[in-house]
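S.K.: I'd like to ask some things about the structure below.
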Amino acid sequence: MVLSSPGTARIGSLRPLEHTNTITTPEVSNPVWKGVRMPTVLDTDVDLGDVDVGDVDVGSDQALADLARNHELLRRHAEGLLLQSLVDIDRRGLYRANGYTDVAAWGRGELRWEPGEARSRRGLTKLAEEVPEIVDRLLAGRLGVAQAHLLGRLFSAPRVGRHVPEFIDSFLHFAAEMSYHHFEHYCRSWRLLMDQDGTLPNRAGRHASLAFTDTEYRLTIVGPAIDGAAWKAELQHLERIEFEHDWQEAKQQYGDAVCHDLLPRTNAQRRYDALQRLVVGRPASDLAGDLASGSSGGVSTVVNIVADLPTWLHQLDRISGIPGVAPQLEPFGPARGRSHTIDGTQVHPRDVVLASLANHVRCVVTDSTGRAVAMTSKQRLFTGPLADAIRLTSTTCTHPGCLAPVSTSQLDHLVPHSRGGPTSVVNGGPACDTHNPWRYATGVRTSLRDDGVWITEYPDGTRIAPPD
């Protein structure tokens with residue numbers, strides 16, 4: 001098989017490549033890259049087993065990246081062909097012949113599927129029977145396999161799955177736009193809020209256990225996410241103090257040669273020591289006294305929870321005994337439902353209301369455009385409401401694929417201050433300590449679209465990680 005590449009394309013802006021032999025696949029719009037029409041059809045005349053690195057010249061980095069892209073497209077296409085077969089098998093009930101109860105059991109037995117994979121494909125098969133476009137997108141390489149399986153699991157969710165076809169256009173659009181991490185976060189958030197009247201936090205399931213071996217102990221704590229968010233905020237603050245202590249100690253010993261490898265403790269060891277301080281109650285001030293980041297008054301942290309106004313008001317009504325129906329919320333965009341910490345940890349909306357009323361956390365309520373319209377009071381460690389408003393725009397660093405949490409990210413000017421960029425919410429975005437300086441060095445620009453998707457582009461307008 002012969003592959004051709006545009007030659008000057010950046011690896012982060014790959015598109016499906018032209019093949020020597022092609023057949024027509026379901027109609028999809030063809031992307032355009034700098035005036036060059038890049039086809040999305042796949043070479044299904046070629047045996048998938050024949051596609052090998054040796055079939056192409058991989059002397060250049062671009063050619064090798066192009067080949068990897070084509071392997072991914074072939075993988076999606078193969079999943080689409082499999083899904084076509086599963087739809088027919090399910091409709092005909094062919095799995096019953098050997099005593100299987102459904103396509104999941106058939107796949108586990110006959111095709112050696114992993115149980116989680118089998119459950120995902122069972123839901124995906126049922127969804128494809130209602131929405132055939134799922135198969136078309138996979139065949140054309142416009143829907144990732146992991147994203148398709150996530151939709152299958154979402155469709156199988158009790159009380160929520162039946163609503164997935166109603167929003168399928170939105171799901172498919174953002175599956176091609178977002179990283180898997182952010183797509184999954186939005187789907188999980190939507191599932192929680194669509195079923196907020198059907199389930200309540202499992203208060204009876206809260207428990208803690210302490211077990212010992214000859215030389216070690218194991219502490220296990222299980223409880224609602226709202227409590228875990230408070231633990232996380234306290235622990236992260238103590239971890240920062242432990243790190244600063246190690247860094248200053250190593251700097252005194254090694255001077256300017258100090259680096260992470262020379263620190264006396266690993267990240268996991270500092271986290272353990274921080275947890276010990278939190279549980280045993282030893283004050284952080286004995287470490288923080290001489291550190292700029294520390295405080296002689298002990299630990300002071302804040303937990304920020306984001307909730308949309310319709311959800312917050314509905315749960316307030318339920319707590320007050322006022323009957324009502326949960327709002328039907330969009331899964332994506334600025335008007336979507338929200339009930340999570342700024343780092344993306346899902347929190348049941350009932351807990352959000354109770355905690356905000358008790359002043360245990362700071363709750364930020366957003367309107368239908370995603371803007372903060374109310375904020376409960378709580379002493380905060382940040383630089384002010386402006387910084388908090390910027391952190392609400394994403395749960396992670398805004399570089400494609402980066403998972404650095406927003407709570408530890410820097411706040412970056414989208415248009416640099418040196419170029420006249422204002423210090424305002426619309427000109428701010430979170431970026432980790434790796435991608436913030438990298439953007440300045442490369443001239444990369446970042447912007448937030450009206451639908452809530454972050455876009456990262458080179459100065460010539462080429463987008464990093466473009467949609468499928």
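The values are calculated or read from the model by the stated rules, or taken from the named source; none is laboratory data. Values in this document were obtained by computation on a predicted structure and should not be read as measured data. Note that we place each Cβ from the backbone using ideal geometry, even for glycine, and neighbour counts take in every protein chain shown.
The rows are residues; the columns are (1) closer than 25 Å to SER394 by Cβ; (2) of a type in the set (D, E, K, R).
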| position | (1), (2) |
| --- | --- |
| PRO132 | no, no |
| LEU138 | no, no |
| ARG142 | yes, yes |
| CYS187 | yes, no |
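S.K.: Within segment 315-358, which residues are modelled with pLDDT under 75, small (Gly, Ala, Ser) and outside any loop (DSSP other than H, G, I, E, B)?
M.R.: The answer is ALA355, SER356.
S.K.: In segment 259-277, which residues are free of Cβ contacts under 8 Å to residues at least 40 places away in the same chain and under 27 Å from VAL303 (Cβ atoms)?
M.R.: Correct list: ARG265, THR266, ASN267, ALA268, GLN269, ARG270, ARG271, TYR272, ASP273, ALA274, GLN276, ARG277.
S.K.: While we're looking at this one, here's another question. From the list ARG121, ARG112, ARG153, ARG162, which residue is more than 25 Å from LEU193 (Cα to Cα) and among the basic types (Lys, Arg)?
M.R.: Sole residue among the options that is more than 25 Å from LEU193 (Cα to Cα) and among the basic types (Lys, Arg): ARG112.
S.K.: Quick check on my filter: what residues within segment 308-343 are exposed (fewer than 14 other Cβ atoms within 10 Å of the Cβ) and without any contact (Cβ under 8 Å) to a residue 12 or more places away in the chain?
M.R.: Within segment 308-343, ASP317, SER320, GLY321, ILE322, PRO323, GLY324 meet the criteria.
S.K.: So, one more: Taking the condition of being touching a helix residue (DSSP H, G or I) at 6+ places or on another chain (Cβ under 9 Å), in a helix (DSSP H, G or I) and among the hydroxyl-bearing types (Ser, Thr, Tyr), how many residues in segment 63-106 meet it?
M.R.: Summing the residues that are touching a helix residue (DSSP H, G or I) at 6+ places or on another chain (Cβ under 9 Å), in a helix (DSSP H, G or I) and among the hydroxyl-bearing types (Ser, Thr, Tyr) in segment 63-106 gives 1.
S.K.: Could I ask something else about it? Residues in segment 445-463 that are part of a loop (DSSP other than H, G, I, E, B), among the β-branched types (Val, Ile, Thr) and either farther than 29 Å from PRO331 by Cα or within 17 Å of the chain's Cα centre (by Cα) (or both): how many?
M.R.: So the count comes out to 1.
S.K.: Oh, and also: For segment 256-272, give me each residue that is in a helix (DSSP H, G or I) and more than 28 Å from the chain's Cα centre (by Cα).
M.R.: Within segment 256-272, ASP256, ALA257, ASP261, LEU262 meet the criteria.
S.K.: When the residues of segment 220-258 are filtered to those that are in contact (Cβ under 8 Å) with a residue 40 or more places away in the chain and either farther than 28 Å from ALA307 by Cα or of a type in the set (Lys, Arg) (or both), which remaining residue is surrounded by the fewest Cβ atoms within 10 Å (Cβ to Cβ)?
M.R.: So the residue we want is GLN248.
S.K.: When the residues of segment 148-193 are filtered to those that are over 12 Å from the mean Cα position of the chain (by Cα) and part of a loop (DSSP other than H, G, I, E, B), which remaining residue is surrounded by the fewest Cβ atoms within 10 Å (Cβ to Cβ)?
M.R.: Out of the qualifying residues, it is PRO158.
S.K.: Take GLY109 and decide whether it is of a type in the set (Gly, Ala, Ser), without any contact (Cβ under 8 Å) to a residue 12 or more places away in the chain, out of contact with any strand residue (DSSP E or B) (no Cβ under 7 Å at 6 or more places or on another chain) and assigned to a helix (DSSP H, G or I).
M.R.: Taking the combined requirement at face value, the residue satisfies it.
S.K.: How many of the residues in segment 112-158 are of a type in the set (Asp, Glu) and without any contact (Cβ under 8 Å) to a residue 12 or more places away in the chain?
M.R.: Count: 1.
S.K.: For segment 200-218, which positions are in contact with a strand residue (DSSP E or B) (Cβ under 9 Å, 6 or more places away or on another chain), free of Cβ contacts under 8 Å to residues at least 12 places away in the same chain and of a type in the set (A, V, I, L, M, F, W, C)?
M.R.: Answer for segment 200-218, where residues must be in contact with a strand residue (DSSP E or B) (Cβ under 9 Å, 6 or more places away or on another chain), free of Cβ contacts under 8 Å to residues at least 12 places away in the same chain and of a type in the set (A, V, I, L, M, F, W, C): LEU210, ALA211, PHE212.
S.K.: Mind checking which pairs have a first residue in segment 440-468 that is more than 23 Å from ARG336 (Cα to Cα) and a second that is among the hydroxyl-bearing types (Ser, Thr, Tyr) and in a loop (DSSP other than H, G, I, E, B), Cβ under 7 Å, 6 or more apart or different chains?
M.R.: Partner pairs satisfying both residue conditions: VAL444/TYR458.
S.K.: Sticking with this one: For segment 393-410, which positions are in contact with a helix residue (DSSP H, G or I) (Cβ under 7 Å, 6 or more places away or on another chain) and over 20 Å from SER339 (Cα atoms)?
M.R.: Passing the criteria: HIS399, CYS402, GLN410.
S.K.: Next question. Check off (1) part of a loop (DSSP other than H, G, I, E, B); (2) at pLDDT below 65; (3) under 26 Å from ASP227 (Cα atoms) for ASP388 and give me the number that stays unchecked.
M.R.: Of (1) part of a loop (DSSP other than H, G, I, E, B); (2) at pLDDT below 65; (3) under 26 Å from ASP227 (Cα atoms), only one is false for ASP388: (1).
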